[in-house]
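Accompanying notes for the structure given below.
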Amino acid sequence: MSEHVPDDHSAAEWDERYRSADRLWTADVNPALVAEASDLPAGTALDVGSGEGADARWLADRGWQVTAVDISQVAIDRARETDTREAITWLRADLSVDDVPGRDFGLVSLQYFPIPRSDDATVQRLLDAVADDGHLLVVSHEAEGVRAQGRNPDDYFQPADVAALLGDGWTVITDDTRERGVAAGGGAHTHDVVLHALRTRS
Ligand SMILES: C[S@@+](CC[C@H](N)C(=O)[O-])C[C@H]1O[C@@H](n2cnc3c(N)ncnc32)[C@H](O)[C@@H]1O
């Protein structure tokens, strides 16, 4: 992975980061997605900040109809090149300002998706996109690994911050920190913080 850490969250910064390497992330699905979603019935899924597309491909392999969204056109083009199945819609959008493309998703998955700590509105739009009886999965790097890469985890929404916004219509299924199994991000990220919640009513 690139050592360059973007100073802001713009599309240009992310494009530059993706252009800096043939591949930024592993081609393997994220382990927390496998752990939390393997037993879910396939439906529609929103992969938020889909990067190079490994999670979207894994979901499509299991029968999900996936909307994969990323702010980086470079990432979206790269992901689309590796998988042109109709089961995956690859979309470039900035989810901090653009509408969420669709609603009533059976799964909304955020894997290491950076949301600035002040941006409650983006979190709320993503929560609103989960269907009744749908699942929300939020996975972040554990704070120590984030600090090791020169970032302050307090600058970003953490799974616990999202959990605090859920309210009555949600049941938390998983709320834990676990070994990632395979380190991510140049070895700094060895643990995942995982929130998995079920929307029980609107
Ligand atoms: C740390 S990467 C994770 C990529 C992928 N989920 C994975 O686990 O390999 C975060 C991704 O979120 C995307 N991203 C950042 N801000 C975004 C925004 N406002 N809207 C959409 N995507 C965004 C970035 O381009 C990047 O691909």
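The values are calculated or read from the model by the stated rules, or taken from the named source; none is laboratory data. Computed from a predicted model, the values in this text were never measured in an experiment. Cβ placement follows ideal geometry from the backbone for every residue including glycine, while neighbour counts extend to all protein chains displayed.
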Say whether the condition of being of a type outside the set (Ser, Thr, Tyr), at pLDDT 95 or above, within 18 Å of Asn30 (Cβ to Cβ) and in contact with a Gly (Cβ under 7 Å, 6 or more places away or on another chain) is met by at least one residue in region 113-128. yes
Considering only region 109-124, state which residues are of a type outside the set (Ser, Thr, Tyr) and more than 11 Å from the ligand (Cβ to nearest atom). Arg117, Asp120, Ala121, Val123, Gln124
Note on region 15-35: residues crowded, with 21+ Cβ neighbours inside 10 Å and closer than 29 Å to Ala197 by Cα are Asn30, Ala32, Leu33
Just to verify a result, which residue in region 94-108, among those that are assigned to a loop (DSSP other than H, G, I, E, B) and within 14 Å of the chain's Cα centre (by Cα), is farthest from the ligand (Cβ to nearest atom)? Val100
Applying the selection to region 41-52, what residues are within 21 Å of Asp133 (Cα to Cα) and either in contact with a helix residue (DSSP H, G or I) (Cβ under 7 Å, 6 or more places away or on another chain) or surrounded by fewer than 21 Cβ atoms within 10 Å (Cβ to Cβ) (or both)? Pro41, Ala42, Gly43, Thr44, Ala45, Asp47, Val48
Scanning region 109-128 residue by residue, those among the hydrophobic types (A, V, I, L, M, F, W, C), in contact (Cβ under 8 Å) with a residue 60 or more places away in the chain and not in a helix (DSSP H, G or I) turn out to be Leu110, Phe113
Residue list for region 146-202, restricted to those being under 18 Å from the mean Cα position of the chain (by Cα) and of a type in the set (Phe, Trp, Tyr): Tyr156, Phe157
Restricting to region 42-69, what's the tally of residues that are within 15 Å of the chain's Cα centre (by Cα) and either part of a helix (DSSP H, G or I) or free of Cβ contacts under 8 Å to residues at least 24 places away in the same chain (or both)? 8
Can you pull out every residue in region 123-174 that is surrounded by 14 or more Cβ atoms within 10 Å (Cβ to Cβ) and among the charged types (D, E, K, R)? Arg125, Glu142, Arg147, Arg151, Asp161
Which condition does Asp55 not pass, out of (1) charged (D, E, K, R); (2) over 28 Å from Thr200 (Cβ atoms); (3) in contact with a helix residue (DSSP H, G or I) (Cβ under 7 Å, 6 or more places away or on another chain); (4) within 13 Å of the ligand (Cβ to nearest atom), if it passes all the others? (2)
